[in-house]
Amino acid sequence: SSGSNKYVADPLGAQDAMINTFFADWQYQSPRLWRTIHKIKWETWRQRDTDKIFEVDGAGELLLDDDGEPIVAFDPLQSDTRNGRKESGFFGVINKADYQFDLGRLTFIPRIKSEVINLAPFDRQRVRRQTWDLIPSMLIRMPLMKRSGIELGWEQRFFYELRRDEDKLAAGSRTGDFGGLVLAAQLVNTRAYLGYELRTQVGVRLDRRRLEVVEDSNEKRTSGLAFLTVFGSLRE
């Protein structure tokens, strides 16, 4: 019911583990109004207490199941609340680039973003992920008055699922790859109010997505959104 507590099991992935994390980011701002941003994170989790305890008979011999495998009495990675991998981790790389130039009263800001993720969660109930996401976009700004203007946006998206072998997928199933297109237009106004800087945005957004299907036509989805947002911040 609404407001009630919900039980969430803690898999205890860091209870007895060696965790190593490496992170780096750097960026370059060119005097010619182009910029690049790069980020990388690599994290590994290795469980230390992973020795299984097997059942034995009175003579100390291992008990075997019907398949001839030793019967496990206790597995530190397998319990009512724990179903983990011995080795798990995360690797991700983000690269961004953008450029700004003026053409008359219009300001153009082309951008591109690339994101590579390789994720192996500790919890076995969560699937491994290996993906590549490429997002080119364009933002166009046109001033109307001193503190207001119109912004037009275009964004294309190419998402690739790299772990699945499409040759082994059944006909009619989704591959995990998809492409998307977003178009947006908004009216932006900023003004001072009681020591705050208010930014109001009114606009519309159109979102189209194409899901890749094995040996079939791609699934297409279209959605739209009209919005009104107001942001407030302290003035510097």
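Bear in mind that the values in this text are calculations on the coordinates, not laboratory data. From a predicted model like this one, the values you see are computed outputs, not experimental measurements. Because the Cβ atoms are built from the backbone with ideal geometry, glycine has one as well, and the counts that use them run over all protein chains shown.
Cβ-Cβ below 8 Å, separation at least six or inter-chain, first residue in the range 48-76 and over 25 Å from residue 19 (Cα atoms), second in a loop (DSSP other than H, G, I, E, B) and among the acidic types (Asp, Glu): which pairs?
62/55; 63/55; 63/57; 70/55; 71/55; 71/65; 72/55; 73/55
Conditions first: (1) farther than 28 Å from residue 207 by Cβ; (2) touching a residue at least 24 places away in the same chain (Cβ under 8 Å); (3) more than 20 Å from the chain's Cα centre (by Cα); (4) surrounded by 11 or more Cβ atoms within 10 Å (Cβ to Cβ). Residue 124 passes all but one, so which condition is the exception?
So the condition that residue 124 fails would be (3).
Which residues, taken from the range 202-236, are surrounded by 15 or more Cβ atoms within 10 Å (Cβ to Cβ) and over 18 Å from residue 160 (Cα atoms)?
Result: 203, 205, 207.
So that you can scan it fast, the table gives a plain yes or no per residue for (1) under 30 Å from residue 138 (Cα atoms); (2) over 30 Å from the mean Cα position of the chain (by Cα):
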{"site": "39", "(1), (2)": "yes, no"}
{"site": "58", "(1), (2)": "no, yes"}
{"site": "82", "(1), (2)": "no, no"}
{"site": "86", "(1), (2)": "no, no"}
{"site": "99", "(1), (2)": "yes, no"}
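Which count do you get for residues in the range 81-111 that are charged (D, E, K, R), assigned to a strand (DSSP E or B) and under 18 Å from residue 47 (Cα atoms)?
The qualifying residues number 1.
May I ask you to list pairs of residues, at least six apart or on different chains, whose Cβ atoms are under 7 Å apart, with the first in the range 135-159 being over 15 Å from residue 107 (Cβ atoms) and the second being surrounded by fewer than 15 Cβ atoms within 10 Å (Cβ to Cβ) and basic (Lys, Arg)?
Taking only residues 6 or more apart or on different chains, the pairs are 147/191.
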